[in-house]
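S.K.: Okay, handing you the structure first.
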Amino acid sequence: MKNRPLSYLLMAAMFLLVPGAFGPAWADPTPLEFLKARERAKRDAEGEVYLGKVLTIRYGPNAVNAPDDYHPYLLELTDVIKTPLRSNYRLVLKGYTDTSGDRETNMRISRSRAEALRQAIIEKYYMDGDRITAEGYGPADPVASNDSEAGRSLNRRVEIHVYGDITEAVRFVTP
């Protein structure tokens, strides 16, 4: 066996131990499972509520477009959100970067990631753009240390948050 650098071994360990570290988290609940669970948990709420972060999309350095392996999740999410029971749900896309580069560039990249994802959801998945907000936060709110490539790769992301009035959706949810 070849001698591998420590960084390679750490990345391999993260891939095995951290769901979603380098791509979609296959073990995580699907968007439909996630929303149903959140609707059950908040079934007594009135008006618009925050349902949570339904999906996190990871990006390569300086990449703006979402990797293709997220397609099944985005398709399911948009199909679920477009149903009549959830017609008032809206998405907030929050873009982030690692700390590589200057702050101005990172702010631009984070905003561009969120905007590109918004456009993809509108154009590829036919969702109403009025129901999607894109925001960029640059290197704010890291989810891992920026001292390693593995940590930086976790910080380059767009989080998809869902808000909505669950009144209609919970009419058909069992406790």
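The values are calculated or read from the model by the stated rules, or taken from the named source; none is laboratory data. In this text the structure is predicted, and so the values were computed from the model without any measurement. Heads up, the Cβs are rebuilt from the backbone with ideal geometry, glycines too, and the neighbour counts pull from every protein chain shown. Only protein heavy atoms, including side chains, enter the accessible area calculation; ligands, DNA and RNA are left aside. Shrake-Rupley method; radii C 1.70, N 1.55, O 1.52, S 1.80 Å.
S.K.: I'd like the residue in the range 33-47 that is out of contact with any strand residue (DSSP E or B) (no Cβ under 8 Å at 6 or more places or on another chain) and among the aliphatic types (A, V, I, L, M) and, out of all such residues, is most open to solvent (accessible area, probe 1.4 Å).
M.R.: Ranking the candidates gives ALA41 first.
S.K.: Kindly indicate which of SER153, SER100 is over 16 Å from the mean Cα position of the chain (by Cα) and small (Gly, Ala, Ser). Even if it seems obvious, please write down each step before you answer.
M.R.: On the way: SER153 fails: over 16 Å from the mean Cα position of the chain (by Cα).
Matching residue, one of SER153, SER100: SER100.
S.K.: Go through the range 53-76 residue by residue and tally those that are assigned to a strand (DSSP E or B) and buried (at least 16 other Cβ atoms within 10 Å of the Cβ).
M.R.: Of the residues in the range 53-76, the ones assigned to a strand (DSSP E or B) are 53-58.
Remaining after also requiring buried (at least 16 other Cβ atoms within 10 Å of the Cβ): 54-58.
So the answer is 5.
S.K.: A further question on this structure: Please name all residue pairs, on different chains or six or more residues apart, with Cβ atoms under 7 Å, provided the first residue is in the range 27-46 and is farther than 10 Å from VAL170 by Cα and the second residue is in a helix (DSSP H, G or I) and β-branched (Val, Ile, Thr).
M.R.: The qualifying pairs are PRO31/VAL80; LEU32/VAL80; LEU35/VAL80.
S.K.: Follow-up question, since we're still on this one. Looking for whichever is modelled with pLDDT of 95 or more, under 16 Å from ARG38 (Cα atoms), surrounded by fewer than 18 Cβ atoms within 10 Å (Cβ to Cβ) and not aromatic (Phe, Trp, Tyr) here; the options are ASP165, ASP79, ASP141. Which one fits?
M.R.: Result: ASP165 is the single residue among ASP165, ASP79, ASP141 that is modelled with pLDDT of 95 or more, under 16 Å from ARG38 (Cα atoms), surrounded by fewer than 18 Cβ atoms within 10 Å (Cβ to Cβ) and not aromatic (Phe, Trp, Tyr).
S.K.: Of the residues GLU123, GLU149, GLU135, which single one is acidic (Asp, Glu), closer than 20 Å to ASN65 by Cα and in contact with a strand residue (DSSP E or B) (Cβ under 9 Å, 6 or more places away or on another chain)?
M.R.: GLU135
S.K.: Tell me, yes or no, whether the range 111-129 has at least one residue that is open to solvent by 30 Å² or more (accessible area, probe 1.4 Å) and in a strand (DSSP E or B).
M.R.: No, the range 111-129 has no match at all.
S.K.: Among the residues of the range 83-92, are any buried (at least 19 other Cβ atoms within 10 Å of the Cβ) and within 14 Å of the chain's Cα centre (by Cα)?
M.R.: So far as the range 83-92 goes, yes, one or more of its residues are buried (at least 19 other Cβ atoms within 10 Å of the Cβ) and within 14 Å of the chain's Cα centre (by Cα).
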